[in-house]
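Reading through the structure tokens given below for one structure.
The values are calculated or read from the model by the stated rules, or taken from the named source; none is laboratory data. No experiment lies behind these values; they were computed from the predicted model shown. All Cβ positions, even for glycine, are placed from backbone atoms using ideal geometry, and neighbour counts span all protein chains on display.
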Amino acid sequence: MKSEGLDGIEKFDSPGKGRGIRITKPFKVGELLFACPAFAYVLSVSERGYLCDFCFAKKEGLAKCGKCKKAFYCNAGCQKADWKLHKLECSSMCAYGDNWCPSETVRLVARILVSMKSNKDGERGASEKLLLMSDLEAHLDEMDNERREVNEMDVSPFTPASAPRHLLD
């Protein structure tokens with residue numbers, strides 16, 4: 001299975017172990033084989049307010065999001081660049097009040113869902129050079145009903161069904 005656009009690297013399936021990658025040609029020591037941006041990311045709760053929510057820079061006097069007051073940015077450029085993903089969680093946090101602040105896991109799942117929805121069918125995002133997000137295994141069938149219901153409740157405020165239409169465009 002040759003990986004699209006990655007000369008000298010291929011994916012392979014290892015029965016009983018999962019997937020892997022291997023090289024198909026010699027590379028020099030220290031040569032960068034591939035790099036790609038993260039598909040989705042969030043700061044941990046303990047890091048918010050100390051690092052920029054977009055670029056993760058540590059800086060004094062980060063500016064708060066004017067709406068939810070829970071996201072922090074270096075400057076207007078970082079805030080604007082993050083808005084596509086932050087607008088849904090921002091509106092949800094405002095709608096559910098000051099006492100509701102989702103965990104980083106819930107925020108990450110919401111950002112993954114929004115990113116997957118924004119990619120057109122079959123189109124590879126910059127983070128999907130080796131593997132499409134849709135090819136990952138969910139393992140939902142291994143989760144008990146109680147845990148599945150808790151997950152669905154945690155993520156529901158961020159899902160398109162509960163979000164105002166203008167936030168999803």
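A few comments on the model shown:
- Residues within region 55-71 that are surrounded by 19 or more Cβ atoms within 10 Å (Cβ to Cβ) and touching a strand residue (DSSP E or B) at 6+ places or on another chain (Cβ under 6 Å), tallied: 1
- Under the condition of being modelled with pLDDT of 75 or more and more than 25 Å from ASP82 (Cβ to Cβ), the residues counted in region 107-141 number 0.
- Residue that is farthest from ILE112 (Cα to Cα) [pool: residues in region 64-95 that are part of a helix (DSSP H, G or I) and of a type in the set (S, T, N, Q)]: GLN79
- Taken together, the residues in region 142-161 that are of a type in the set (Val, Ile, Thr) and modelled with pLDDT under 75 amount to 2.
- Note on region 81-103: residues that are within 12 Å of LYS70 (Cβ to Cβ) and under 12 Å from the mean Cα position of the chain (by Cα) total 1.
Residue by residue, here is whether (1) among the hydrophobic types (A, V, I, L, M, F, W, C); (2) over 30 Å from ASN75 (Cα atoms) holds:
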{"site": "LYS11", "(1), (2)": "no, yes"}
{"site": "GLY20", "(1), (2)": "no, yes"}
{"site": "ILE23", "(1), (2)": "yes, yes"}
{"site": "PRO26", "(1), (2)": "no, yes"}
{"site": "LEU33", "(1), (2)": "yes, yes"}
{"site": "ARG48", "(1), (2)": "no, no"}
{"site": "CYS55", "(1), (2)": "yes, no"}
{"site": "LYS59", "(1), (2)": "no, no"}
